[in-house]
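The values are calculated or read from the model by the stated rules, or taken from the named source; none is laboratory data. What you see is a predicted model; the values in this text were computed from it and never measured. Here the Cβ positions follow ideal geometry from the backbone for every residue, glycine too, while neighbour counts run over all protein chains shown. Ligands, DNA and RNA are stripped out before the accessible areas are found, and what is left, the full protein with its side chains, is counted by its heavy atoms. Shrake-Rupley method; radii C 1.70, N 1.55, O 1.52, S 1.80 Å.
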Amino acid sequence: MSQWLWILGKVLLLARVAASVNFFHHRYEELVQALFDVKGACPYITRLYSIGRSVQGRHLYVLEFSDYPGIHEPMEPEFKYVANMHGNEVLGRELLLQLAEFLCEQYRHGNQRVTQLIHETRIHLLPTMNPDGYEVAAAQRQIRYLVGRNNANGVDLNRNFPDLNTVMYYNEKQGGPNHHIPLPDNWRSQVEPETLAVIQWMKSYNFILSANLHGGAVVANYPYDKSQEQRSRSVWQAQNSPTPDDSLFQKLAKSYSYAHGTMHQGTNCGDIFPDGITNGASWYSLSKGMQDFNYLHTNCFEITLELSCEKFPPESSLVFEWRKNAEALITYIEEVHQGIKGLVSDDNNNRLAGAVISVKGIAHDVTSGEHGDYFRLLLPGTYTVTASADGYQPQTVTVTVGPAAPTEVSVGGRLKVPGSSKLGLQAIN
């Protein structure tokens, strides 16, 4: 009974918030004003910054939420939402604006759940990655399916990231890493300004969890997006292509689909997706996507959220879409607090960046960030974890991850080298 009352309380809370917000499609100037309004209403927990400009010179603004905005707090994970990558897929753009206002309003009202989330997580919201395409789509008198999808140079931004899948599949056969794959030397000349800005953003922050918001279906899509099979008549064949973290990605996708109003039913828009989730390549294979790039080049685990049957839904539906997605948007952010995390340092308490954290049985490593802290998302269970760094002997420990709320557990240990340096590990369970 108490669980149902808790759920009912959240629904009523979201309904009250929805009633207090104006729901409409924001053109670029209106979007910028909405972001500045939230920043003005909650100046002590927000920061508004630009990661670059679009082809036509529009800023790619990010709104950050944190109890120390502008500062990375060691042991506090970085999270991001990216929306409107395809200019004509607009619901995610509006949902992130509503989410920003919701976080601000509920923090001011002392909502315990939102307060804890902001105090323990650094949240970054990019409402539009493709503002130029959006303006083209929004200017139509009659919505056409693909108009505004691409950027101002006519490029699909979700087919514009360096193709690391090909390198990864080659390495699987010949021997080599399938994580933190380096970029080709000429990668900057191959990507659009918006893609370049996002890649540089990824390199500037040690993001741990992310979602990319799209439209045209209702499903949570997880990596890999690109199939290993060769092309047939210039088309990549659909085939399930799991990552080494397949079970974890399925859990992440389900965390959103089951918190969503209808996604978990799996029968939206005439499609059939059990549990409302799908492996990307088993749906259709695509190359040079952002989702796979996150996983193969950085520490970030990203899924793609298809949120509406209509790519450009009418304004009258926005309030209902917010009510279906609001709880899921919060629940998914909370998923960043699972697994293990810790600080990597030497005997002089100098923190070590770039240390490798390996989990036995999962062929995908993560590394410590510039502050020496690492985060490794894991399902509940017992794991053998090894920390290693150049010039140090590896340290291996056994840690147990439980299903409860995150709790830090110190694990003593040393990586011995001349000079007696060490790597410290902490676990969450």
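Among the residues of the stretch 75-88, write down those that are in a loop (DSSP other than H, G, I, E, B) and open to solvent by less than 10 Å² (accessible area, probe 1.4 Å).
Of all residues in the stretch 75-88, those in a loop (DSSP other than H, G, I, E, B) come to 75-77, 84-88.
Selection gives Pro77, Asn84, Met85, His86, Gly87, Asn88.
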Is it the case that Tyr332 is more than 22 Å from Asn165 (Cα to Cα) and crowded, with 24+ Cβ neighbours inside 10 Å? yes
Restricting attention to the stretch 200-213, does a residue exist that is open to solvent by less than 60 Å² (accessible area, probe 1.4 Å), part of a helix (DSSP H, G or I), at pLDDT 95 or above and of a type in the set (A, V, I, L, M, F, W, C)? yes
More than 22 Å from Leu378 (Cβ to Cβ) and either without any contact (Cβ under 8 Å) to a residue 60 or more places away in the chain or not acidic (Asp, Glu) (or both), is that true of Leu307? yes
For the stretch 165-199, name all the residues that are within 18 Å of the chain's Cα centre (by Cα) and either surrounded by 19 or more Cβ atoms within 10 Å (Cβ to Cβ) or on the phi > 0 side of the Ramachandran plot (or both). His179, His180, Glu194, Thr195, Ala197, Val198, Ile199
Anything in the stretch 267-310 that is surrounded by fewer than 22 Cβ atoms within 10 Å (Cβ to Cβ), farther than 30 Å from Thr367 by Cα and not β-branched (Val, Ile, Thr)? List them, or say none. Asn268, Cys269, Gly270, Asp271, Pro274, Asp275, Trp283, Tyr284, Cys309, Glu310
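Of the residues that sit in the stretch 27-74 and are assigned to a loop (DSSP other than H, G, I, E, B) and open to solvent by less than 20 Å² (accessible area, probe 1.4 Å), which one is farthest from Thr298 (Cα to Cα)? Working first, answer last.
Here is the first cut: in the stretch 27-74, the ones assigned to a loop (DSSP other than H, G, I, E, B) are 27, 42-45, 54-58, 66-74.
Imposing the further condition that a residue be open to solvent by less than 20 Å² (accessible area, probe 1.4 Å) reduces the set to 42, 45, 54, 66.
Numbers: Cys42: 31, Ile45: 26, Ser54: 23, Ser66: 22 Å.
Only one residue tops the list, namely Cys42.
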Matching residues in the stretch 107-140 - criterion: being open to solvent by 10 Å² or more (accessible area, probe 1.4 Å) and polar (S, T, N, Q): Asn111, Gln112, Thr115, Gln116, Gln140
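So which residues in the stretch 214-226 are aromatic (Phe, Trp, Tyr) and open to solvent by 10 Å² or more (accessible area, probe 1.4 Å), if there are any at all? Talk me through it step by step, then tell me what you get.
The first filter runs over the stretch 214-226 and keeps only residues aromatic (Phe, Trp, Tyr), leaving 222, 224.
The one that is aromatic (Phe, Trp, Tyr) and open to solvent by 10 Å² or more (accessible area, probe 1.4 Å): Tyr222.
Return the residues of the stretch 94-135 that are basic (Lys, Arg) and either at pLDDT below 95 or in a strand (DSSP E or B) (or both); say none if nothing qualifies.
Across the stretch 94-135, the qualifying residue is only Arg122.
Each row is one residue, and each column tells you yes or no for (1) in a helix (DSSP H, G or I); (2) outside the structural domain of Val191 (by the TED database); (3) closer than 27 Å to Gly381 by Cβ.
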site	(1), (2), (3)
Ala220	no, no, yes
Tyr224	no, no, yes
Gln239	no, no, no
Thr243	no, no, yes
Ala259	no, no, yes
Ile272	no, no, no
Asp292	yes, no, yes
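Would you mind stating whether Lys251 is surrounded by 17 or more Cβ atoms within 10 Å (Cβ to Cβ) and either at pLDDT below 95 or within 15 Å of the chain's Cα centre (by Cα) (or both)?
Working: surrounded by 17 or more Cβ atoms within 10 Å (Cβ to Cβ): yes; either at pLDDT below 95 or within 15 Å of the chain's Cα centre (by Cα) (or both): yes.
When the stated conditions are applied, Lys251 passes them.
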Close pairs (7 angstrom Cβ cut-off, 6 or more residues apart or separate chains): at pLDDT 95 or above in the stretch 317-337, among the polar types (S, T, N, Q) anywhere: Glu321/Ser308; Trp322/Gln98; Lys324/Thr262; Thr331/Ser255; Tyr332/Ser255; Ile333/Thr121; Glu335/Ser255; Val336/Thr121
Of the residues that sit in the stretch 227-248 and are modelled with pLDDT under 95 and surrounded by 21 or more Cβ atoms within 10 Å (Cβ to Cβ), which one is nearest to Asn325 (Cα to Cα)? Ser241
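Find the residue count for the stretch 141-160, including only residues that are open to solvent by 30 Å² or more (accessible area, probe 1.4 Å) and part of a loop (DSSP other than H, G, I, E, B). Let's see the steps before the verdict.
Let us first name the residues in the stretch 141-160 that are open to solvent by 30 Å² or more (accessible area, probe 1.4 Å), namely 141-147, 149-150, 152-155, 159.
Now narrow it down to the ones that are part of a loop (DSSP other than H, G, I, E, B): 141-147, 149-150, 152-155.
The total comes to 13.
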Strands (runs of 3 or more DSSP E) wholly inside the stretch 337-391 containing at least 3 residues that are open to solvent by 20 Å² or more (accessible area, probe 1.4 Å) and not assigned by the TED database to the domain that holds His119: 362-367, 381-388
